[in-house]
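First comes the structure, then the notes that go with it.
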Amino acid sequence: MPKLYSWRNFWIFWGGGLALFIYLIASNGALETLAAPNGILDHQSAATADRVNAIQQSWAESGVLDLARWAMIADLVFITLYMSGGIIGGRLIWQRAKSPALKKTGLLCVLAYFVFGLTDYIETISQLVQLVNEQGSDILAGTAALAKPVKIISWIVGTVAMIAALIWRWRETRT
C-alpha cells in the first residue's frame, strides 16, 4: 500500500496545485469588468453585500457568471492540492532532516500550509455561497475579506519556506 507521506505524493499534490494556480491566474482576465477590474480578486476583497452584488451583476451582464462559479470550484481543488502537498512536504522535511533548523523549517511549512488551507477554504466557500445564491451577504463578504490577508501571508510564508527547505534538503542530501 503506498504511503501518503512520500516525495512522489508531495510532487503530485504540490506541483499539481502550482499548475492549477497558474491556470487560475491566466484565466482570471475573463472575469475582469468595470466593476471588477481585478476579476475574482475584487470579489475576494469585496467586504459588503452591495459590492458583491455589483461584481456579480457585471459578470452576469458579461456572460461569465458560470465561468466565475467554475473558477471558484477550481480554486477549491487548488486549495486541496496545494495545502495537502505543502503539509506532506513539510512533514517529510520535519521528520527526515538532519539539521534542527531544517526540521523547524519543515514544521513551519506544515503550520503555514494548514493556516493557508483553512483561511482560503473560508474565503472561497464564503464567495461561492454568494455566487450560487446570486445574492451578496454582508456576513459572508466580510468573512471572505477578513480571511484574505491571513491567507495571503500564510501562502507567502509557506511557499517561501517550502522552496528554501527543498533547496536546503537537496544540499543536505547531496553531501
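The values are calculated or read from the model by the stated rules, or taken from the named source; none is laboratory data. Since the structure is predicted, the reported quantities are computational estimates derived from the model, not experimental observations. In this analysis, Cβ positions are derived from the backbone assuming ideal geometry, glycine residues included, and neighbour counts consider all displayed protein chains. The area values use the complete protein model at the heavy-atom level, side chains included, leaving out ligands, DNA and RNA. Shrake-Rupley method; radii C 1.70, N 1.55, O 1.52, S 1.80 Å.
Using only helices, what value at 222 nm comes out for the chain when you add -39,500 (n - 2.57) per DSSP H run of length 4 or more and divide by the total residues, to the nearest 500 deg cm²/dmol?
-29000 deg cm²/dmol
Peptides 149-156, 80-87 ranked from most to least packed give 80-87, 149-156, packing being the mean of other C-beta atoms within 10 angstrom over each peptide's residues. Summing charges over all other residues whose Cβ lies under 10 Å from the Cβ of ALA97, with Lys and Arg as +1 and Asp and Glu as -1, gives +4. Based on the reciprocal of the average 1/r between different C-alpha atoms, the Kirkwood radius for the chain equals 17.0 Å.
Once all protein chains are placed together, GLU172 keeps about 30 Å² accessible to a 1.4 angstrom probe. Counting only residues at least eight positions apart within a chain, or on another chain, the lysines with an alpha carbon under 25 Å from that of LYS151 are LYS103, LYS104. Note on the chain: with neighbouring protein chains present and a 1.4 Å probe, carbon and sulfur make up 69 percent of its accessible heavy-atom surface.
Going by alpha carbons, how many degrees (0 to 90, nearest 10) lie between the helix axis of 100-133 and the longest principal axis of the chain? With both axes taken from Cα atoms, the answer is about 20 degrees.
Helix 7-27 and the long axis of the chain differ in direction by around 30°, with both axes built from C-alpha atoms. Can you give the local net charge around LEU41? Use residues other than it whose beta-carbon is closer than 14 angstrom to its beta-carbon, Lys and Arg +1, Asp and Glu -1. Residues close to LEU41 contribute a combined charge of -2.
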